[in-house]
Amino acid sequence: MIWPARSRHPSPVLRVLMVCTGNICRSPTAEGVLRRKLVDAGLGRLIEVDSAGTTDYHAGSPPDPRAQESAGRRGYDLSRLRARQVRASDFERFDLLLAMEAVHVQWLTEACPPAKRDRIGLLMDHARGRPPGGAVPDPYYGAPAGFEHVLDLVEDACEGLLATLRQRALERARPDPD
């Protein structure tokens with residue numbers, strides 16, 4: 001079932017933050033892929049997606065041109081995205097903080113208030129065609145094929161994540177029985 005966006009839900013009922021190191025390759029790719037899949041599924045107005053990095057190395061920069069080019073060939077537009085670092089307020093604002101690899105989970109866990117740590121996980125735990133616990137490898141220092149591999153992994157994981165988000169959004173969007 002596709003859940004149509006309703007005007008009575010002007011703000012998102014769920015928020016997802018994708019996290020990598022510099023926020024110029026993996027996490028903006030994941031943001032762009034998930035955002036598009038949500039729109040295609042009619043959930044774009046119910047679920048907000050953003051991305052951030054564990055560092056501020058590239059703050060304000062657009063995604064890596066190779067990431068944009070690879071994503072563009074598959075119909076994902078990353079051109080408007082800009083890198084930023086994870087903020088303390090993100091742990092309160094986002095319902096899910098999905099890391100690209102274990103080192104990001106560790107960083108997020110250390111920075112996160114203990115009561116919010118259940119919001120942190122690995123994106124690849126949602127993959128359908130791969131075992132859970134895997135990483136989305138950093139393509140930055142590699143060949144252009146690495147960006148295609150990242151897209152393959154991210155698309156798979158976002159397909160699985162979409163089913164989870166659809167269910168959670170439906171539960172949150174239901175009117176109270178009062």
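The values are calculated or read from the model by the stated rules, or taken from the named source; none is laboratory data. Here the structure is a predicted model, which is why all the values come from computation and not from measurement. Here the Cβ positions follow ideal geometry from the backbone for every residue, glycine too, while neighbour counts run over all protein chains shown.
One table, with the values for the structure above:
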| read-out | value |
| --- | --- |
| Within the stretch 69-90, tally of residues that are closer than 15 Å to THR21 by Cα and surrounded by 13 or more Cβ atoms within 10 Å (Cβ to Cβ) | 5 |
| Candidate set: the stretch 23-67, residues that are more than 19 Å from GLU148 (Cβ to Cβ) and of a type in the set (Lys, Arg); chosen: the one modelled with the highest pLDDT | ARG35 |
| Index of the failed condition, LEU161 passing every other in (1) in contact with a helix residue (DSSP H, G or I) (Cβ under 6 Å, 6 or more places away or on another chain); (2) over 17 Å from PRO28 (Cβ atoms); (3) part of a helix (DSSP H, G or I) | (2) |
| The stretch 120-157, subset assigned to a loop (DSSP other than H, G, I, E, B) and touching a Cys at 6+ places or on another chain (Cβ under 8 Å), residue nearest to ARG168 (Cα to Cα) | VAL136 |
| ARG119 in contact with a helix residue (DSSP H, G or I) (Cβ under 9 Å, 6 or more places away or on another chain), surrounded by 13 or more Cβ atoms within 10 Å (Cβ to Cβ), free of Cβ contacts under 8 Å to residues at least 60 places away in the same chain and more than 26 Å from ARG66 (Cβ to Cβ) | yes |
| Every residue from the stretch 30-49 that is surrounded by 19 or more Cβ atoms within 10 Å (Cβ to Cβ) and of a type in the set (Asp, Glu) | GLU31 |
| Some residue of the stretch 71-78 being of a type in the set (Phe, Trp, Tyr), under 17 Å from ARG15 (Cβ atoms), touching a helix residue (DSSP H, G or I) at 6+ places or on another chain (Cβ under 9 Å) and at pLDDT 95 or above | no |
| Pick from the stretch 104-116, criterion in contact (Cβ under 8 Å) with a residue 24 or more places away in the chain and out of contact with any helix residue (DSSP H, G or I) (no Cβ under 7 Å at 6 or more places or on another chain), ranking: surrounded by the fewest Cβ atoms within 10 Å (Cβ to Cβ) | ALA111 |
| Exclusive hit being acidic (Asp, Glu) and under 21 Å from ARG36 (Cα atoms), set GLU148, GLU110 | GLU148 |
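Residue-wise test of (1) buried (at least 18 other Cβ atoms within 10 Å of the Cβ); (2) in contact (Cβ under 8 Å) with a residue 24 or more places away in the chain; (3) closer than 20 Å to ARG73 by Cβ.
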{"position": "TYR141", "(1), (2), (3)": "no, no, no"}
{"position": "PRO144", "(1), (2), (3)": "no, yes, yes"}
{"position": "ASP152", "(1), (2), (3)": "no, no, yes"}
{"position": "ALA157", "(1), (2), (3)": "yes, yes, yes"}
{"position": "ALA163", "(1), (2), (3)": "no, no, no"}
